[in-house]
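Below you'll find the structure, written out as structure tokens, and then a few comments.
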Amino acid sequence: MKASYECIAERIEEMYEKGIGDGDMDPIVLWRGGEAVGRIEDGDAVVFACRRGEREVQLTEAFVLEDFSKFKVRNFSDLLFVTLINYDDRFRGKVLIVFDFPPIPGTLGEVVSKSGARQLHAAESEKYAHVTFFFNGRRKEPFKGEDDLLVKSPDVDDVSTVPELSVHELVDEVVKRLRENRYEFILVNLANGDVIGHIPDMNAKIECVKHVDRALEKIATVALDNGYAVVITADHGLIELGMLSLDPPVPNLGHTTNPVPLFVLLPDGDVSLKERGRLANVAPTVLELMGMEKSREMDHDSLLMERTMKRYPVVLIIVDGWGIGPNDERNPIFLAKPKFWLNLFERHPYSSLAASGEDVGLLAGRPGNSEAGHTNIGAGRVVLQDEVVIERSLEEGSFPRREAFLRAYGRKRLHVISMLSKKSSHGTFIYALKIVEEAKKRGVKDVFVHFILNRHGVEGESAATLLRRVGEEIEKLGGMVVTAVGRKWALDRDKRYERTEKAYRALVFGDGIPARC
């Protein structure tokens, strides 16, 4: 009899022939003896072994919220559900949490709120969680005086067809509020660089740059005309390296370790900036421009070389996934020749900010990401990221023996939902391996693994290849791989519950592409 992972890997390869990539993979479900194997049943334990949190919320809702009504779900009366971190405070008391990271005090948003000033946080849905939850220090609710603006991202399967996303609609809404002069602080995220930067289409990346350039110019011009200081920076690098190599042509699909720039534009002149800093310097810089003292928790300083003569309302624009890259044809920014962006470098001083690795609380050498980026920008300090705490637990050997896991090992059947990834910011397959190993040592009868597939190409090998290697290790430990599903379905964060439903029905009812063994 073939191994379960081999049967699933073969079906994945069949889907490749139909043009379906890993991250978009419809659920593939293991079948044996005429029925789906390893589906989630009452009395089982489920470990959602993914970190970060904002993309894990919708699937968790379907399992644990009694009033969930987005689609039909099974009424579990005795399901033990464990989450790797706290995904949402609504789940407290309904799930066990392995690593519980508290909210971060003294953030930029909190300081502005306590001053009595009004603030606006704006993004399209792709990055809405970042300008709210992550920027505010893992806080779900807005601060007093904070308004949040959400513009829906396009609901398309191929984002290369809409490199502009919803940036122009977002800009129109922000400009309208700028002209009203209602807010002393406005935060805007332009998502395009991070979304389009993950695809291999260089033409789409170049068009993306052009759209963002026009958006930046419009916001900055209106803001300056209305007396705002404008701070422009990014959360991490990506779009600035569209190609790893030109000969042979190898597209870059992943975040970079490149620094990001920071510009400060004033309505009445320029200001000198320190040459280098970190993302943690952004909040103190904004507060100094606003004439406010930084919080006692902020341990980084402003990047301004001298104090300005007056206080300003501030617009902070985070150009997502937009680092300082090579001046050659590997770089879509270089190829697009964006007029406003290039003028910033030619006419204004800027700081080069470290936005990756230990400078943003990640593991050494790790590329930056939007979660770490926005958290550090808002916190005014280097915030140790959950992956570092979890990695230390793995190194110490305590990871699979944490209390929430021990409770799960008390059930006869255990399900592990995990990323099939070596480096995703949502987690790695190492988590699943450690949990399976410890569960079998403690006598759990059946351990089923449900893998979520990462974006196609970012792992450096196909999901089918990676599954064969990891699946073999899981079966040697006594576990069984029973599901593979693309992140498009399992990790939607944009309220597209029809996607979440597809993942849920595979896990619970066995709906999906059968992998018959």
When you check VAL314 against the structure, is it among the β-branched types (Val, Ile, Thr), open to solvent by 10 Å² or more (accessible area, probe 1.4 Å) and touching a residue at least 60 places away in the same chain (Cβ under 8 Å), yes or no?
no
Which pairs turn up if I take residues in region 177-201 that are farther than 30 Å from GLY145 by Cβ and look for partners that are of a type in the set (D, E, K, R) and open to solvent by less than 10 Å² (accessible area, probe 1.4 Å) with beta carbon separation below 7 Å, at least 6 apart in sequence or on another chain?
ILE196/LYS205; GLY197/LYS205
Matching residues in region 142-159 - criterion: being open to solvent by 30 Å² or more (accessible area, probe 1.4 Å) and not in a loop (DSSP other than H, G, I, E, B):
ASP147, ASP148, LEU150, VAL159
Among (1) surrounded by 18 or more Cβ atoms within 10 Å (Cβ to Cβ); (2) in contact with a Pro (Cβ under 8 Å, 6 or more places away or on another chain); (3) within 23 Å of LEU344 (Cβ to Cβ), which single condition is ASP194 missing?
(2)
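A quick yes/no check of all residues on (1) part of a helix (DSSP H, G or I); (2) open to solvent by less than 50 Å² (accessible area, probe 1.4 Å); (3) closer than 25 Å to LEU170 by Cβ:
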| site | (1), (2), (3) |
| --- | --- |
| ALA280 | yes, yes, no |
| ALA283 | yes, yes, yes |
| ASP301 | no, no, no |
| LYS310 | no, no, no |
| GLY325 | no, yes, yes |
| LEU342 | yes, no, yes |
| LEU353 | no, yes, yes |
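Would you check if GLY378 is part of a loop (DSSP other than H, G, I, E, B) and either modelled with pLDDT of 95 or more or at positive phi (or both)?
Values: part of a loop (DSSP other than H, G, I, E, B): no; either modelled with pLDDT of 95 or more or at positive phi (or both): yes.
When the stated conditions are applied, GLY378 does not pass them.
Would you please name the residue that is modelled with the lowest pLDDT, looking only at residues in region 493-517 that are open to solvent by 50 Å² or more (accessible area, probe 1.4 Å) and within 22 Å of HIS426 (Cβ to Cβ)?
Filtering region 493-517 for residues open to solvent by 50 Å² or more (accessible area, probe 1.4 Å) gives 495, 498, 501-502, 505, 509, 511, 516.
Still in the list and also within 22 Å of HIS426 (Cβ to Cβ): 495, 498, 501-502, 505.
Numbers: LYS495: 90, GLU498: 97, GLU501: 98, LYS502: 98, ARG505: 98.
Out of the qualifying residues, it is LYS495.
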Going by the structure shown, is ALA506 within 19 Å of PHE48 (Cβ to Cβ) and either of a type in the set (Phe, Trp, Tyr) or part of a helix (DSSP H, G or I) (or both)?
yes
Pick from region 382-393 the residues that are under 22 Å from GLU110 (Cα atoms) and open to solvent by 30 Å² or more (accessible area, probe 1.4 Å): which of them is nearest to the chain's Cα centre (by Cα)?
LEU384
All positions within region 173-193 that are out of contact with any strand residue (DSSP E or B) (no Cβ under 9 Å at 6 or more places or on another chain) and either among the charged types (D, E, K, R) or at pLDDT below 95 (or both)
LYS176, ARG179, GLU180, ASN181
Odd one out for VAL315, checked against (1) closer than 15 Å to ARG381 by Cα; (2) among the β-branched types (Val, Ile, Thr); (3) more than 21 Å from the chain's Cα centre (by Cα):
(1)
Look through region 18-36, keep the residues that are open to solvent by less than 30 Å² (accessible area, probe 1.4 Å) and not small (Gly, Ala, Ser), and return whichever of them is farthest from ARG487 (Cα to Cα).
LEU30
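The values are calculated or read from the model by the stated rules, or taken from the named source; none is laboratory data. Quick caveat: nothing in here was measured; it's all calculated off a predicted structure. With ideal geometry, Cβ positions are generated from the backbone for all residues, glycine too; neighbour counts draw on all protein chains shown. What goes into the accessible areas is simple: the full protein's heavy atoms, side chains included, and nothing from ligands, DNA or RNA. Shrake-Rupley method; radii C 1.70, N 1.55, O 1.52, S 1.80 Å.
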